[in-house]
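*Asks:* Shown below is the structure under consideration.
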Amino acid sequence: MDKTIIAIDIGGTTAKIGLINNQGYIIEKWEVHSDISNNGENIIDNIWNSILEKLSDMEINQDELLGIGIGAPGFVDNQSGLVYEAVNLGWRMFPLKEKLREKTRLPIFVENDANLAALGENWLGAGENAENLIAVTLGTGVGSGVIANGEILNGFNGTAGEIGHVTVDPQGYLCNCGRNGCLDTIASATGIVRAVEAYIEEHPDARLAEWQRRKQVMEAKDVFDMAKKGDEASHRIIERALGLLGLALAHSASVINPSRILIGGGLSKAGDYLLAIVNDYLKKYALPRIVDTCEVKLAKLGNDAGIIGAAYIVLHKTGEFGQL
Ligand SMILES: [Zn+2]
């Protein structure tokens, strides 16, 4: 009989929740607002109440459930289920697994959210079950997950594969981790907008400056649009950001020799234009033996990657995969 998995992907503004079967089919999905007041103490109660309501609406009994896969931002110990720190949620040394354990007897598996996105993409998205893969998500920050020899890399204390915090500009901007010039501060929507603002300050007559005056707000998407239309300054700003992404990916690829690198998140909507730049810089910085056998692709699952990955870890750990 098909069993159902509860898949949860907690983010700074909402938690995405899915009921997913053992073939990865999403039966139902919805979102719950992340209440970050009171150091995020209500988040788990809100999520759990909403799940109970949904299960009752859909007449699903607890014995039809296989387990819970849950992803959280920040540094996560997947054994103890402790979230060391998730700045966006106000969590510090937050015992995520224990909090859920108080509510249910179902098996619970906890992971970092970017790791889940990597596992989800590798299972049912653009990874196609690669044994060695790097997945990055370019949004307001840079998230990443690394799969080596078929397993997600967690490392000694859950901090492996944090490509967003690789230093690419030692004199660069301050990162939310407290250090300067992390990739996160450059190859993200935030980083690109900041680079544009700095450029406009120095070049008030540039086309970018004119665009900003007209639009009031400048978003990373605008910069990509301008670059695609041939604006040289926009292209240079993007090339620097993606070139440094290529540098960090080349270093990471030199360690694990992946067959696929996947790029997702809002910025990946720039499509082939973005892939071409990343590929150029990968070629420049990594050994031909590594680059020639590594395909750089756009991620496919969008916002569902996290919950699909959450279902995957439950199936992977319990061995209850259905026939695809
Ligand atoms: Zn950092």
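*Asks:* Under a point spin-label approximation (7 Å from Cα along Cα-to-Cβ), what is the Leu298-Tyr273 distance to one decimal in nm?
*Replies:* With each label point 7 Å from Cα toward Cβ, the separation is 1.2 nm.
*Asks:* Ok, one more. Would you mind classifying region 128-299 by shape? Square roots of the alpha carbon gyration tensor eigenvalues, ordered a ≥ b ≥ c; an a/c under 1.5 is rounded, otherwise it is prolate if a/b is larger than b/c and oblate if not.
*Replies:* Prolate.
*Asks:* Quick check: net charge around Cys177, other residues with Cβ under 13 Å of its Cβ, Lys/Arg +1 and Asp/Glu -1?
*Replies:* Within the 13 Å Cβ shell, the charges total -2.
*Asks:* Leaving out ligands and nucleic acids, note down the accessible area per residue over region 199-324 with a 1.4 angstrom probe, in whole Å².
*Replies:* Heavy-atom accessible area per residue stands at 53 Å².
*Asks:* Before anything else, pin down the relative contact order of the chain: Cα pairs under 8 Å, at least 6 apart, normalised by residue count, whole percent.
*Replies:* Details: 657 pairs, mean separation 66.4, N = 324.
Answer for the chain is 20 percent.
*Asks:* Give me the number: length gained by fully extending Asp57 to Glu31, i.e. 0.36 nm times residue separation minus the C-alpha to C-alpha distance, one decimal in nm.
*Replies:* Answer, rounded to one decimal: 7.8 nm.
*Asks:* For region 52-132, what does the alpha-carbon gyration tensor say about shape, rounded, prolate or oblate, given a ≥ b ≥ c as the root eigenvalues, a/c under 1.5 as rounded, and a/b over b/c as prolate?
*Replies:* Values: a/c = 2.06, a/b = 1.10, b/c = 1.87.
Here region 52-132 falls in the oblate category.
*Asks:* Could you tell me what percent of the DSSP beta bridges with both partners in the chain are antiparallel, to the nearest 5?
*Replies:* 60 percent
*Asks:* Name the most mobile residue of Gly125, Gly24, Gly172, meaning the one with the largest mean-square fluctuation, in a Gaussian network model of the chain with Cα contacts below 10 Å.
*Replies:* Residue with maximal mean-square fluctuation among Gly125, Gly24, Gly172: Gly172.
*Asks:* Another question, then. For every other residue with a beta carbon closer than 15 angstrom to the beta carbon of Asp57, add +1 if it is Lys or Arg and -1 if Asp or Glu, then tell me the sum.
*Replies:* Taking every other residue near Asp57 into account, the sum is -2.
*Asks:* Can you tell me the length gained on complete extension of the stretch Glu128 to Thr13, counting 0.36 nm per residue apart and subtracting the Cα distance?
*Replies:* Going from the current span to full extension adds 38.4 nm.
*Asks:* Most fluctuating residue of Arg179, Arg194, Arg213 in a GNM of the chain with Cα springs under 10 Å: which is it?
*Replies:* Maximum fluctuation in the GNM of the chain, among the listed residues, is at Arg213.
*Asks:* Still on this model: Classify the chain as rounded, prolate or oblate from the Cα gyration tensor: take a ≥ b ≥ c as the square roots of its eigenvalues, call it rounded if a/c is under 1.5, otherwise prolate when a/b beats b/c and oblate if not.
*Replies:* Here the chain falls in the prolate category.
*Asks:* Here's another thing I want to ask about it. Using 22 Å as the Cα-Cα cut-off, could you pick out the over-long pairs in Lys97/Lys300; Lys269/Lys297; Lys54/Lys300; Lys228/Lys269?
*Replies:* Beyond 22 Å: Lys97/Lys300; Lys54/Lys300.
*Asks:* Please find the FRET efficiency linking Asp225 to Arg92, where r is the Cβ-Cβ separation and R0 is fixed at 35 Å, and quote it to the nearest 0.05.
*Replies:* Working: r = 39 Å, r/R0 = 1.13.
Here the calculated transfer efficiency is 0.35.
*Asks:* Moving to a separate point now. What is the percent carbon and sulfur in the accessible area of the chain, measuring with a 1.4 Å probe over the protein chains and ignoring ligands? Before the final figure, lay out the partial values.
*Replies:* Numbers: 7300 of 15310 Å².
Roughly 48 percent, rounded to a whole number.
*Asks:* I've got another one for you. Set the bar at 23 Å for Cα to Cα. Now go through Lys29/Lys215; Lys221/Lys283; Lys3/Lys29 and name every pair that lies beyond it.
*Replies:* Lys29/Lys215; Lys221/Lys283
The values are calculated or read from the model by the stated rules, or taken from the named source; none is laboratory data. Only a predicted model underlies this, so the values are computations on that prediction, with no experimental measurement involved. Note that we place each Cβ from the backbone using ideal geometry, even for glycine, and neighbour counts take in every protein chain shown. Just so you know, the surface numbers come from the protein's heavy atoms only, side chains and all, with ligands and any DNA or RNA stripped out. Shrake-Rupley method; radii C 1.70, N 1.55, O 1.52, S 1.80 Å.
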